Every structure is written in C-alpha cells, then in structure tokens.
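Chemist: Please read through the structure below; I'll follow up with questions.
The numbers here are math on the coordinates, done by the rules we state, and not lab data. Just so you know, these numbers come straight off a predicted model, no measurement behind them. Virtual Cβ from ideal backbone geometry, glycine too; neighbours counted across all protein chains shown.
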Amino acid sequence: YSIDPQNHQLTLINQVQSLGNEPTHSSVAADGRYLFVANYSVVEDPGGSLAILPVDASGKLSAPVQLSGHPASRVNPERQASNHVHSVVSSPDGKYVFVQDLGADKVFAYRYDPKANHELPLTAADPASVQLPPGSGPRHLLFSADGKHAWLTTEMSAQVAVFDYNEGKLTQTQLLDYAAGQPVSDKAGAALHASNDGKFLYVSNRGTANQMLVFSIDPATAHLKEIQRRSVEGDHPREFSLDPSGKFLLIANQKSNEIVVVERDPKTGLLGKTVQKLSIDAPSDLKFLVRQ
C-alpha cells in the first residue's frame, strides 16, 4: 500500500503470493530493497519458510526470489513436527537477518548481501544458528537501540533471553522464566517492546495468565529485572504498542476483541490505570504512523 502523507489513507499498489502458508510476520530490509516474510505454516506439510520478495522504488512487490526452510526440533510432537518461522528481524547495521523458528528451537542467522547476488541476497552466516532450550519455541527478537544487545521471547516456554550482539553473532547472557511454576496453559509468550529511553522492556504473556510484564534494563549488560506484572484485562494479548509520548501502552487482546489503553509512568516504567477500552474484532497488532 502507498500511504497518503496528509490523511494516512491507504491505496493498494499490488499483491503477490508469499509461497507459503500463514504468513505471520514481515519486515523490510534496511536498504528497502527486499521484504522478508515469515511463513509460519500451522500444518507439517509444507512446513514454515522464509520468503524474500524484491521491492522496487515505488513500493511494488515482486514474486519471491528466495525461499529458505529449516529442520524441526520435534521436541514437542504436536507443535514442532515441522519448522514454523515466526519472525524475521534485520540487525541494526543491516548486514544480517535473524529468523526466529518456533518449530526448530533456533534463531537462524543470515548474511545480507544483495550486491553479491540480487537473486539470492541471503546466505548462511557463521555461526548459522543459535540454539534455544528444547521445546521453547522462539518467537520475536528485538535489538537494543545501541545495537549491542538483543532480547528474545519464547512462546512455548514463556521465557525471555538476553544476548550480546557483535557482527552477526548472538551470545546468550541471561534467560528468565516469566511463568515459572505456572501450568503449561499459562505459558504463551508473545510480543516484546522497549521504551524509547532504553530503560524498560515490556513483554506479553497469553495463555490463561494474560499478563503484561515490565522489566528494568541494566544499561551495561541489558540484563532484565522484573518490576511489575499487570493483568491485560482481556484474553490473548498477541501484541501491544507504546505510544510515541511514552505515556500510554495499548494492548491488542485478540480473543476478547478489544484494545485496552493503559497509563504508563515514563520515569518508573510502571503501568497504571486503564483509561480506555475500544471494541474491535480480533486485534493482532498495533503500529503508530507519525506525521513527518
């Protein structure tokens, strides 16, 4: 879609097949030349895949030029019988692409170099993957603003991992359980976002827990310390977003069909009272468009 700069209305440019089932996440390369699509694929056959679609100067997409799949861990015979690519994130310098695969229990690393081969812009990095705990189900990855660290949520084990980052290599330095001691039904890790000042990390947990967790971030190590748990006042917080002012947090409660707006203290990072609830059918993501 093209976005009208005045009223933000959308106009369809074109659409193409992602050559996979259930595309659940996409991101644009740092140079804007490709769209990376995570084909999750609920069923074992064909399984998940990463698709790379060229983007021209007008925003028009072309058919995928590259598809990539990964072997499944099969630790959980029901949910990991095949790979399930859940998200695709570029490194801050744009030189690498990281693929979170729930079915493989790994984060796969690729070097991004379209100048070497524009039809195969991704090649396996060295190391080619990062192992996560068996049966954990990696979901979403987020880099710190300075590009020196990253955080990762796992869906099936409801954990958040902390990494040091350097030139395509993620080195795990911390692993926290944010549903420790809770039944499996409470464990369904989802989204994560950091405050603009880099002092706080927010993580949503779905399942029967339905909570927002708030962590303070160590400025030197990016290690996390839990400072608050709060009900989302709904069911299945698949995604959420901090507003540009940092004074509110908006929660997309997918299964209770509602967006919940919560006050946030920018100094302490703590979440306060609910100020608004908006009915909307199955909200699953929230993005702010800021006028330039």
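Chemist: Place a +1 charge on the Cβ of each Lys and Arg in the chain and a -1 charge on the Cβ of each Asp and Glu, then give the dipole magnitude about the Cα centre in debye, rounded to the nearest 20.
Modeler: So the magnitude is around 440 debye.
Chemist: Counting only C-alpha contacts under 8 Å and six or more residues apart, can you give the relative contact order of segment 100-175 as a whole percent?
Modeler: 24 percent
Chemist: Of the options Gly234, Pro183, Ser49, report the single residue whose Cα projects farthest towards the positive end of the charge dipole of the chain (beta-carbon charges: Lys, Arg +1; Asp, Glu -1).
Modeler: Positive-end residue among those listed: Gly234.
Chemist: With the cut-off at 25 Å, tell me which of the pairs Lys106/Lys267; Lys60/Lys287; Lys225/Lys247; Lys255/Lys287; Lys187/Lys247; Lys106/Lys277 have Cα atoms farther apart than that. The partial results should precede the final answer.
Modeler: On the way: Lys106/Lys267 35 Å; Lys60/Lys287 21 Å; Lys225/Lys247 21 Å; Lys255/Lys287 19 Å; Lys187/Lys247 28 Å; Lys106/Lys277 37 Å.
Going by Cα-Cα distance, Lys106/Lys267; Lys187/Lys247; Lys106/Lys277 fall outside the 25 Å limit.
Chemist: From Cα pairs below 8 angstrom and at least 6 apart in sequence, can you work out the relative contact order of the chain, rounded to a whole percent?
Modeler: It comes to 8 percent, rounded to a whole number.
Chemist: What shape does segment 1-115 take by its C-alpha gyration tensor, where a ≥ b ≥ c are the square roots of the eigenvalues and a/c under 1.5 counts as rounded, a/b above b/c as prolate, and the rest as oblate?
Modeler: In terms of gyration-tensor shape, prolate.
Chemist: Next up: Among rounded, prolate and oblate, which fits segment 149-292 when a ≥ b ≥ c are the square roots of the eigenvalues of its C-alpha gyration tensor, a/c under 1.5 means rounded, and a/b larger than b/c means prolate?
Modeler: oblate
Chemist: Here's a follow-up. Take every DSSP beta bridge with both residues inside the chain and express the antiparallel ones as a percent of the total, to the nearest 5.
Modeler: 100 percent
Chemist: Just name one of Gly168, Ser82, Thr154: the one whose Cα is farthest towards the positive end of the charge dipole of segment 68-168 (beta-carbon charges, Lys/Arg +1, Asp/Glu -1).
Modeler: Checking the options against the dipole of segment 68-168, the answer is Ser82.
Chemist: Here is a follow-up. Whose amide H sits under 5 Å from the amide H of Arg264, counting only residues 5 or more places off or on another chain, with H placed in the peptide plane?
Modeler: HN-HN under 5 Å from Arg264: Phe248, Leu249, Gly272.
Chemist: Next up: Which of these values of Cα extents along the principal axes in Å was calculated from the structure shown: (1) 51, 49, 38; (2) 72, 51, 32; (3) 82, 53, 35?
Modeler: (1)
Chemist: Among 116-123, 207-214, 23-30, what's the highest-first ranking by average C-beta atoms within 10 angstrom per residue? Show your work: numbers first, answer last.
Modeler: Values: 116-123: 14.8, 207-214: 20.6, 23-30: 17.0.
The densest-packed peptide leads the list: 207-214, 23-30, 116-123.
Chemist: Same structure, new question: Please compute the modelled spin-label separation between Val55 and Gln182, points set 7 Å along Cα→Cβ, answer in nm with one decimal.
Modeler: Going by the 7 Å Cα→Cβ label model, 3.4 nm.
Chemist: Can you tell which of Gly103, Gly135, Gly147 shows the greatest fluctuation in a Gaussian network model of the chain with Cα springs below 10 Å?
Modeler: Gly147
Chemist: While we're on this one: Charges at C-beta only: +1 for Lys and Arg, -1 for Asp and Glu. How large is the resulting dipole of segment 18-104 about its Cα centre, in Debye rounded to 20?
Modeler: With Lys and Arg at +1 and Asp and Glu at -1, about 120 debye.
Chemist: Shifting gears a bit: Under 18 Å from the Cα of Lys199, which aspartates and glutamates turn up, not counting those fewer than eight places away in the same chain?
Modeler: The reachable aspartates and glutamates, counting only those whose Cα sits under 18 Å from Lys199, are Asp146, Asp164, Asp218, Glu226, Asp243, Glu263, Asp265.
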